[in-house]
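Colleague: The structure's right below; bear with me while I get my questions together.
Read-outs throughout are calculated quantities, based only on the coordinates presented, and are distinct from any laboratory measurement. Keep in mind the model is a prediction, meaning the values are calculated, not measured. When we count neighbours, we look across all protein chains shown, and the Cβ atoms used for this are built from the backbone with ideal geometry, even at glycine.
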Amino acid sequence: MAVTTKGTLLVEGHELTITNPNKLLWPEAGITKGDYLSKLSELSPYLLRYCRNRHLTTIRFPNGYDQKSFYQKNAPDPVPSFVKLAPLDGIQYVNLDSLSTLLWLGNLACLEFHPSFHHIGSTLPAEWVIDIDPTLEEEPRIMEAAHVIGEVLDSLHIQSIAKTSGATGVQIYIPIQPGYTFEQLRKIGYFIASYVVKIYPNLFTIERFKKNRGDKIYIDYLQHWYGKTLSAPYTPRAKKDASVSTPLLWKEVELRPSPREFNLHTVLDRLKKYGDLIEGVPLQNLDAILARLG
């Protein structure tokens with residue numbers, strides 16, 4: 001779907017008004033709003049998989065990634081009739097469940113999509129994510145850190161996938177069997193984080209205050225909680241390179257790639273080659289590790 005002119009677009013039987021298609025949203029990457037909408041359309045089967053039936057927060061950049069931005073939790077007015085809402089705690093969140101809703105948000109210059117960790121109407125986690133957050137702006141050890149945590153999980157017979165955050169960090173993504181609680185996953189997360197801090201004290205920290213971390217990489221096992229959000233797999237990010245939060249093969253992690261390699265210019269070819277790597281990981285049973293932790 002090429003979007004090059006202002007006007008009305010028919011998507012899934014719904015009329016969408018497209019404004020300023022030639023506006024540059026990522027100037028250095030040469031990506032206009034029209035380009036962005038075209039790429040979102042191709043990304044939609046993958047991005048929607050991790051956003052539908054959740055409470056969505058977006059970050060909007062009306063004049064491009066490097067200009068003023070704001071978080072959008074309440075659905076922006078006017079809300080088209082085809083957009084489904086997901087009320088929670090007085091906020092009318094968007095349920096991003098269709099291409100037409102995605103392109104409506106894209107036209108509003110929503111460049112980032114951050115879904116809740118739980119599905120609409122549930123208080124249980126839909127998956128488990130460990131966030132690995134560098135303290136330094138440039139952190140060449142981030143893939144090493146991801147590899148270490150992946151190895152620890154593997155030793156516990158827990159399969160996982162590393163994905164770039166699209167910014168500077170990496171997240172370890174673990175599909176889980178339904179029924180576990182956020183409290184249970186936090187207990188396992190704390191165990192793993194404490195263990196790697198003990199084994200690699202110069203690499204990792206669980207110090208919550210950034211000013212006290214030095215140059216260490218923060219294992220944020222606390223972010224995964226009811227009501228919180230994280231960058232969705234395959235969401236674009238508001239970074240110079242138009243980076244995309246991208247799942248990686250573990251053999252790629254071993255090669256220590258730069259997260260900048262995975263962006264709106266490269267992700268679609270990658271998806272054609274590999275498909276959705278997360279989908280290939282079976283739902284994990286965590287009963288054994290929970291029994292060990294008591």
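Colleague: How many times 2.2 N^0.38 Å is the alpha carbon radius of gyration of the stretch 7-119?
Modeller: On the way: Rg = 13.4 Å, N = 113, 2.2 N^0.38 = 13.3 Å.
The reported ratio for this selection is 1.01.
Colleague: Please work out the Cα center distance from the stretch 119-147 to the stretch 19-77, rounded to the nearest Å.
Modeller: 22 Å
Colleague: Which longest uninterrupted range of the chain lacks any GluC sites (Glu not before Pro) assigned by DSSP to a loop state (not H, G, I, E or B) and surrounded by at most 15 other Cβ atoms within 10 Å?
Modeller: On the way: sites that count: E12, E28, E137, E138, E207.
The longest such stretch corresponds to 29-136.
Colleague: Also, quick follow-up: If I take every Cα pair under 8 Å that is 6 or more residues apart in the stretch 128-293, average their sequence separation and divide by the length, what percent do I get for the relative contact order?
Modeller: Details: 273 pairs, mean separation 53.6, N = 166.
Taking the mean separation of contacting Cα pairs over the length of the stretch 128-293, I get 32 percent.
Colleague: Okay, next question. Compactness ratio of the chain: Cα Rg over 2.2 N^0.38 Å, N = residue count? List each step's numbers first, then the result.
Modeller: Working: Rg = 19.2 Å, N = 294, 2.2 N^0.38 = 19.1 Å.
Rounded to two decimals, the normalised Rg is 1.00.
Colleague: Could you tell me the relative contact order of the stretch 7-119? Use alpha-carbon pairs under 8 Å, at least six residues apart, and round to a whole percent.
Modeller: On the way: 193 pairs, mean separation 35.5, N = 113.
In percent, rounded to a whole number, it is 31.
Colleague: Please report the antiparallel percentage of DSSP beta bridges with both residues in the chain, rounded to the nearest 5.
Modeller: On the way: 41 of 44 bridges.
Given both bridge residues lie in the chain, the antiparallel proportion sits at roughly 95 percent.
Colleague: Can you put L103, L277 in order, fewest other beta carbons within 10 Å first? List each step's numbers first, then the result.
Modeller: Working: L103 24, L277 20.
Ordered by Cβ neighbours within 10 Å, fewest first: L277, L103.
Colleague: A follow-up question, please. Excluding residues fewer than 8 places away in the same chain, name every one of the aspartates and glutamates whose C-alpha is closer than 13 Å to that of K187.
Modeller: D220, D287
Colleague: Follow-up question, since we're still on this one. In percent, what relative contact order does the chain have, based on Cα pairs under 8 Å that are 6 or more apart in sequence? Walk me through the numbers before you get to the answer.
Modeller: Values: 591 pairs, mean separation 57.7, N = 294.
The value is 20 percent.
Colleague: Classify the stretch 128-293 as rounded, prolate or oblate, taking a ≥ b ≥ c as the square roots of the eigenvalues of its Cα gyration tensor: rounded when a/c is under 1.5, otherwise prolate if a/b is larger than b/c and oblate if not.
Modeller: Details: a/c = 1.65, a/b = 1.18, b/c = 1.40.
Oblate is the answer for the stretch 128-293, as a/c is 1.5 or above yet b/c matches or exceeds a/b.
Colleague: With unit charges on the beta carbons (Lys and Arg positive, Asp and Glu negative) and the dipole taken about the Cα centre of the stretch 119-220, which residue among V196, I142, I172 sits farthest to the positive side?
Modeller: Sorting the options by dipole projection puts first V196.
Colleague: Using label points projected 7 Å from each Cα along Cα→Cβ, tell me how many nm separate L85 and L222, to one decimal.
Modeller: 3.3 nm
Colleague: What FRET efficiency do you get for R260 and A291 if R0 is 30 Å and r is their Cβ-Cβ distance, rounded to the nearest 0.05? Could the numbers behind the result be given before it?
Modeller: Details: r = 41 Å, r/R0 = 1.38.
Approximately 0.15, to the nearest 0.05.
Colleague: Here's a follow-up. Place a +1 charge on the Cβ of each Lys and Arg in the stretch 1-142 and a -1 charge on the Cβ of each Asp and Glu, then give the dipole magnitude about the Cα centre in debye, rounded to the nearest 20.
Modeller: Details: 12 positive and 16 negative charges, 94 e Å.
Approximately 460 debye in magnitude.
Colleague: Only counting other Cβ atoms within 10 Å, I'd like S98, S231, S155, S245 sorted with the fewest neighbours first. Please list the in-between numbers first.
Modeller: Working: S98 18, S231 25, S155 8, S245 29.
Fewest-to-most ranking of S98, S231, S155, S245: S155, S98, S231, S245.
Colleague: Moving to a separate point now. With a Förster radius of 45 Å, plug the Cβ-Cβ distance of D154 and F70 into 1/(1 + (r/R0)^6) and report the FRET value to the nearest 0.05.
Modeller: Working: r = 40 Å, r/R0 = 0.89.
Calculated value: 0.65.
Colleague: Next question. Hey, what number do you get for the chain at 222 nm if only DSSP H runs of n ≥ 4 count, each worth -39500 (n - 2.57), divided across all residues, to the nearest 500? Write out the running numbers ahead of the final one.
Modeller: Details: 7 runs with 76 residues, N = 294.
Taking each H run of at least 4 residues, the total per residue is -8000 deg cm²/dmol.
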